[in-house]
Amino acid sequence: MRKLSYFIACSIDGFIGDPSGEAEFFTRLVDEEYMAWFWDEYPEALPTHVRRALGIDDRENKKFDTVIQGRASYDLALAIDVTSPYAHMREYVASRTLKESPDPNVEIISDDVVGKIRELKQEDSEFGIYLCGGSKIAGELIGEVDELVIKTYPLVLGSGMPMFGSGFALTEFTLDTVRTFKNGVLVRTYQRRR
């Protein structure tokens, strides 16, 4: 069975963006050591237009072949005229308001996103499913998340968009690995305790 992995950047205090969801401020902490790790371990987690700009669009996927994101995350790509932000993977966008996909590579899931994820997890593949964000869809899918890969940046935001936009519920994970970088970024991987 395939895993659903929430691969997300956040602040020390657990926010993935400011109150509007903007998170560009995290990129100022990206340095050569951190990018080398990112390119080697998760090259497919970079949007296609970024991979092309960096000259790494030919790198093979290592962890994921499918991506799902919420409407607000997808809107960030649409705002810069990118209709297929992860063209190197199978793309899904969960949205109750977007009725038609602006790109043939992007499938809109308008209802039963949990059911769709369960269906995708049953597929026979060596690759997992990348939960790209944001907060609302992560909250909706918390029961299906098998792995957390949390890239914690050395910033405190005070308020903003939380990692999970959901009500209180205790969900247990087990710490798997921790990787530290000289720039202060900490990457923790957790596995779901079932």
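The values are calculated or read from the model by the stated rules, or taken from the named source; none is laboratory data. Just so you know, these numbers come straight off a predicted model, no measurement behind them. Cβ coordinates were reconstructed from backbone atoms using ideal geometry, including for glycine residues, and neighbour counts include every protein chain displayed. Ligands, DNA and RNA are stripped out before the accessible areas are found, and what is left, the full protein with its side chains, is counted by its heavy atoms. Shrake-Rupley method; radii C 1.70, N 1.55, O 1.52, S 1.80 Å.
Quick notes on this structure:
- Estimated distance in nm for a label pair at residue 35 and residue 22, the labels positioned 7 Å out from Cα along Cα-to-Cβ: 2.3
- Of all aspartates and glutamates in the structure, the ones whose alpha carbon falls short of 15 Å from that of residue 182, not counting any fewer than 8 places away in one chain, are 31, 32, 33.
- Alpha-carbon centroids, region 144-194 and region 51-119: separation in whole Å: 22
- Labels on offer are (1) 18.9; (2) 17.1; (3) 16.6, and the one holding Kirkwood radius over Cα pairs in Å computed from this structure is (2).
- Residues of the chain were split at every exposed loop site, defined as GluC sites (Glu not before Pro) in a DSSP loop with at most 13 other C-beta atoms within 10 angstrom, and the longest piece left, sites excluded, is 127-171.
- Relative contact order of region 89-168, pairs being alpha-carbon contacts under 8 Å that are 6 or more residues apart, as %: 24
- Accessible area in the full protein assembly, largest first, 1.4 Å probe, for 118, 179: 118, 179
- A simple spin-label model places pseudo-atoms 7 Å from Cα toward Cβ; at residue 166 and residue 186 they are separated by 2.3 nm.
- Protein heavy-atom accessible surface, 1.4 Å probe, per residue over region 76-186: 53 Å².
- Mean sequence separation of contacting Cα pairs (under 8 Å, at least six apart), scaled by the length of the chain, corresponds to a relative contact order of 34 percent.
- Accessible surface of the chain, 1.4 Å probe: 51 percent of it comes from carbon and sulfur atoms.
- Fully extending the segment from residue 12 to residue 96, taken as 0.36 nm per residue of separation minus the present Cα-Cα distance, adds 27.1 nm.
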